[in-house]
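The values are calculated or read from the model by the stated rules, or taken from the named source; none is laboratory data. Computed from a predicted structure; not experimentally measured. All Cβ positions, even for glycine, are placed from backbone atoms using ideal geometry, and neighbour counts span all protein chains on display. What goes into the accessible areas is simple: the full protein's heavy atoms, side chains included, and nothing from ligands, DNA or RNA. Shrake-Rupley method; radii C 1.70, N 1.55, O 1.52, S 1.80 Å.
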Amino acid sequence: MKSALLKLRETQNSMSATERAVSDYLLTHQGEAMGLSIHQLAEKTFASPSTIIRMCQRIGFAGYKEFRQAVTCEVAVRRFSHAGQSPQEIFPSDSMEDIVEKVTQKNILSLEDSKNLLDAETLNACVERLTSARTVLLFGLGASLYAARDAYLKFLRLGKPCVINDDWSSQLLQAKNSGPQDLAIVVSFSGETAEVIQSMRALRENGTPIIAITRCTPSPVADLADYRLYTTDDTATLHDGTSSSRISQLNVFDVLYTAFTTAGLRYHVEQFPASREAGTA
């Protein structure tokens with residue numbers, strides 16, 4: 001079942017400006033917001049209670065009470081499953097054993113959170129786009145580029161035409177030369193990288209479908225995408241979040257790759273002998 005918060009995030013584009021302001025507040029202040037009554041939330045967001053009720057009904061809930069119960073349950077389940085496993089800071093005094101434990105634990109929690117954010121319906125739509133696309137165009141900068149390059153090597157094994165460029169200028173040219181027959185996959189943890197956003201605008205001008213792999217918070221990258229595959233938003237330890245966010249991105253690509261392979265198993269199995277002969281297996 002899709003997360004109540006994910007439903008809220010995915011429905012934002014169809015909301016009124018006031019409803020969107022409420023949803024933005026709920027998404028960015030989840031812990032605090034769930035302790036507010038409808039009147040307190042209305043006061044915080046300069047909205048009316050009736051606007052909040054309409055927003056909740058828009059995403060399939062009878063009203064704010066039912067929505068708040070669903071989110072509270074989500075948070076409780078997450079805390080229970082992560083009981084005693086909250087990400088721990090790394091200190092200069094930590095032993096090597098402590099570092100191994102903390103980094104591994106953090107990556108495991110990141111994967112668990114990302115798993116809960118993946119939506120099967122969206123994945124199916126992405127696989128259909130992958131199957132029909134003439135060429136897969138990959139975009140990403142910084143740490144996200146490494147995840148995109150890993151995906152490039154995966155699709156290359158299957159004989160799926162794909163393109164990746166390491167520098168932003170080439171990525172922008174790649175976007176400007178794209179078309180509706182292609183498929184763009186954009187990787188951005190922050191969802192706010194200016195160069196990535198410029199490339200996405202060029203893609204949209206050309207009618208190129210876009211899959212965004214990004215964190216589940218309001219962002220320009222999420223808004224510009226046609227399909228969104230979310231990774232965890234680990235703001236609690238953002239200063240050391242690069243590694244866990246990359247692990248999360250790689251996992252999303254692994255899921256997408258496996259789903260794509262399974263969808264056309266007979267064809268893809270025939271491709272593996274050729275890739276082994278070329279030494280890429």
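Overview of values
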{"item": "Portion, in percent, of the accessible area of the stretch 84-173 that falls on carbon or sulfur, probe 1.4 Å", "result": "57"}
{"item": "The stretch 90-220 - convex hull of the alpha-carbon atoms, volume per residue in Å³", "result": "139"}
{"item": "Descending principal axes extents, the stretch 1-79, alpha-carbon based, whole Å", "result": "31, 24, 22"}
{"item": "Over 32 Å (Cα to Cα) - which of Lys7/Lys106; Lys115/Lys160; Lys154/Lys176; Lys106/Lys176 fall in this group", "result": "Lys106/Lys176"}
{"item": "Pair-distance profile P(r), taking every C-alpha pair of the stretch 84-156, with 5 angstrom steps and integer %", "result": "3, 12, 13, 15, 19, 13, 10, 7, 5, 2, 0"}
{"item": "Alpha-carbon Debye profile of the stretch 1-43, log10 I(q)/I(0) at 0.21 Å⁻¹", "result": "-0.69"}
{"item": "Listed peptides 246-256, 202-212, 92-102, 172-182 by packing density, highest first (mean Cβ within 10 Å)", "result": "246-256, 202-212, 172-182, 92-102"}
{"item": "Solvent-accessible area per residue for the stretch 118-225 (1.4 angstrom probe, square angstrom)", "result": "40"}
{"item": "Highest average packing first - 65-72, 4-11, Cβ atoms within 10 Å", "result": "4-11, 65-72"}
{"item": "Surface accessible to a 1.4 Å probe, Glu112 within the full protein complex, Å²", "result": "80"}
